Amino acid sequence: MKKIAVLTSGGDAPGMNAAIRAVVRYGIGVGMEVMGVERGLQGLIDDLFIPMNMRSVSDIIHRGGTILKTARCPEFKTEEGQLKAIANLKKHGIEGLIVIGGDGSFMGAKAMTDRGFPSIGIPGTIDNDLAYTDYTLGFDTACNTILDAINKIRDTMSSHERVSIIEVMGRNCGDLALYCGICGGAEVIIVPEHKLTIEEIVDILCGGKAHGKTSGIILLAEGAGHADDLKTELMARTDLVVKSTRLGHVQRGGSPSCRDRYLGTCFGVHAVKLLEKGIGNRIVGIKDNKFYDMDIIEGCAMKKKFDSELYETALIVGK
Ligand code: ADP
Ligand code: F6P
């Protein structure tokens with residue numbers, strides 16, 4: 001392929017800029033022309049193409065968000081939207097597309113390939129909810145942001161001898177809560193894959209108190225409930241002073257970690273190498289520390305396995 005395009009779609013994630021930079025610089029390095037598409041899949045329909053050169057991606061590797069902007073685009077689920085997108089890609093002489101996003105965006109990439117337009121997916125989401133890859137772009141940075149918040153909240157909880165519920169993102173996946181719960185020393189971790197009853201939560205907190213704990217942290221995944229509701233229930237059932245914090249979009253921003261810059265760069269290069277060989281319909285990932293690619297449908301159909309052993313361990317070391 002001589003001319004390719006890259007876009008970011010769905011929720012943004014730190015490290016997307018590193019991936020864009022790698023696609024542009026590696027693509028140009030192997031003799032391709034590269035175009036950026038603004039506002040994700042919507043930009044394909046609205047013809048928001050911009051030519052990229054080596055300097056278009058200067059000074060972005062350390063920046064959160066995405067310089068190409070991102071969007072959610074209901075129209076892309078329709079035949080009409082997809083045909084408009086392909087017509088615009090062809091108008092610009094583009095032969096292959098790289099979509100950086102989550103599983104929704106991958107369905108967009110799959111639709112393009114089904115219509116004869118080779119597309120590759122790069123996993124960009126803080127949720128880490130894709131089974132085919134050990135890590136998605138942005139997860140590590142989001143974990144570090146959450147940990148920073150936990151550390152700060154812990155200082156004041158311990159001074160006031162209170163319990164804090166911290167609600168984190170992740171959609172239906174508990175990975176952000178699980179990893180940050182372990183690394184932030186949480187007493188209780190509540191994830192959609194393993195919901196605790198209110199009695200179990202009270203038991204853990206009261207058990208801790210009986211063993212001399214004077215404060216506590218509960219990490220709650222958004223897919224398992226809301227911090228304010230849990231706070232009300234705990235205050236009604238115990239004499240604990242409970243506070244709640246919903247971290248919100250602070251988790252999606254910020255300068256990407258070393259890990260996410262590395263993943264973004266290697267995912268980007270891997271994706272261009274596939275298009276260079278004329279290969280489409282693949283998603284790039286990392287498994288057992290090796291970069292690899294697999295069929296979009298097979299990859300998206302894989303069901304993420306919850307690490308119950310890790311979860312049980314987390315509750316034990318949080319006691
Ligand atoms: P993410 O990529 O982070 O999972 P979304 O689920 O919001 O985010 O999906 C992003 C976009 O991908 C959607 O707004 C839509 O444009 C596109 N998309 C999602 N599902 C499909 C589908 N079945 N067919 C075509 N495009 C899709
Ligand atoms: O998929 C990433 C994510 O940040 C989820 O964790 C969260 O549920 C959702 O996006 C929030 O989306 P929005 O920014 O549209 O509110």
(request) Could you tell me which numbered condition Thr113 fails, if it satisfies all but one of (1) assigned to a helix (DSSP H, G or I); (2) crowded, with 24+ Cβ neighbours inside 10 Å; (3) within 12 Å of ligand 1 (Cβ to nearest atom)? (result) (2)
(message) The conditions are (1) out of contact with any Cys (no Cβ under 6 Å at 6 or more places or on another chain); (2) assigned to a loop (DSSP other than H, G, I, E, B); (3) in contact (Cβ under 8 Å) with a residue 40 or more places away in the chain; (4) open to solvent by 10 Å² or more (accessible area, probe 1.4 Å), and Asp127 fails exactly one of them. Which is it?
(response) (1)
(request) Return yes or no: is Glu75 among the acidic types (Asp, Glu) and away from ligand 1 (no atom under 14 Å from the Cβ)? (result) no
(request) Return the residue satisfying two criteria in turn: it lies in the range 1-31 and is more than 16 Å from Ser119 (Cβ to Cβ) and over 19 Å from the mean Cα position of the chain (by Cα), and of such residues it is least open to solvent (accessible area, probe 1.4 Å). (result) Val24
(message) Every residue in the range 93-105 that is modelled with pLDDT of 95 or more and over 18 Å from Lys69 (Cβ atoms), please.
(response) Gly93, Ile94, Glu95, Gly96
(request) Name, by its number, the condition in (1) outside any loop (DSSP other than H, G, I, E, B); (2) surrounded by fewer than 24 Cβ atoms within 10 Å (Cβ to Cβ); (3) more than 14 Å from ligand 1 (Cβ to nearest atom); (4) in contact (Cβ under 8 Å) with a residue 24 or more places away in the chain that does not hold for Thr141. (result) (2)
(request) Starting from the range 55-82, take each residue that is under 15 Å from Gly124 (Cβ atoms) and list its partners that are open to solvent by 30 Å² or more (accessible area, probe 1.4 Å) and at pLDDT below 95, counting only C-beta distances under 9 angstrom and pairs at least six apart or across chains. (result) Arg72/Gly104
(message) Can you tell me which residue is surrounded by the most Cβ atoms within 10 Å (Cβ to Cβ) among those in the range 92-110 that are closer than 11 Å to Leu44 by Cβ and not aliphatic (A, V, I, L, M)?
(response) Gly108
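Yes or no, residue by residue, for (1) away from ligand 1 (no atom under 16 Å from the Cβ); (2) outside the structural domain of Ile150 (by TED's automatic domain parsing); (3) farther than 21 Å from Thr136 by Cβ:
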position: Cys173; (1), (2), (3): no, no, no
position: Ile182; (1), (2), (3): yes, no, no
position: Val191; (1), (2), (3): yes, no, no
position: Leu196; (1), (2), (3): yes, no, yes
position: Asp203; (1), (2), (3): yes, no, yes
position: Thr214; (1), (2), (3): yes, no, yes
position: Gly223; (1), (2), (3): no, no, no
position: Thr238; (1), (2), (3): yes, no, yes
(message) Condition first: more than 15 Å from ligand 2 (Cβ to nearest atom), within 20 Å of Glu38 (Cα to Cα) and out of contact with any strand residue (DSSP E or B) (no Cβ under 8 Å at 6 or more places or on another chain). Now tell me which residues in the range 101-133 satisfy that.
(response) Ala111
(message) Regarding the range 10-31, can at least one residue be identified that is more than 16 Å from Ile100 (Cα to Cα), of a type in the set (A, V, I, L, M) and away from ligand 2 (no atom under 16 Å from the Cβ)?
(response) yes
(message) Given the condition more than 14 Å from ligand 1 (Cβ to nearest atom), assigned to a loop (DSSP other than H, G, I, E, B), buried (at least 18 other Cβ atoms within 10 Å of the Cβ) and charged (D, E, K, R), answer yes or no: does some residue in the range 32-40 qualify?
(response) yes
(message) Condition check: at pLDDT below 95, open to solvent by 20 Å² or more (accessible area, probe 1.4 Å) and assigned to a loop (DSSP other than H, G, I, E, B). Does Arg63 satisfy that?
(response) no
(message) For the range 157-200, give me the residue count where each residue is in contact with a Lys or Arg (Cβ under 6 Å, 6 or more places away or on another chain) and assigned to a helix (DSSP H, G or I).
(response) 0
(message) When you scan the range 190-203, do you find a residue that is closer than 30 Å to Gly108 by Cβ and over 18 Å from the mean Cα position of the chain (by Cα), even just one?
(response) no
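The values are calculated or read from the model by the stated rules, or taken from the named source; none is laboratory data. In this text, all values refer to a predicted model and were calculated from it rather than measured experimentally. Here Cβ is always computed from backbone atoms with ideal geometry, including for glycine, and neighbour counts include all displayed protein chains. Quick note on the areas: whole protein, heavy atoms, side chains included, nothing else; ligands and nucleic acids left out. Shrake-Rupley method; radii C 1.70, N 1.55, O 1.52, S 1.80 Å.
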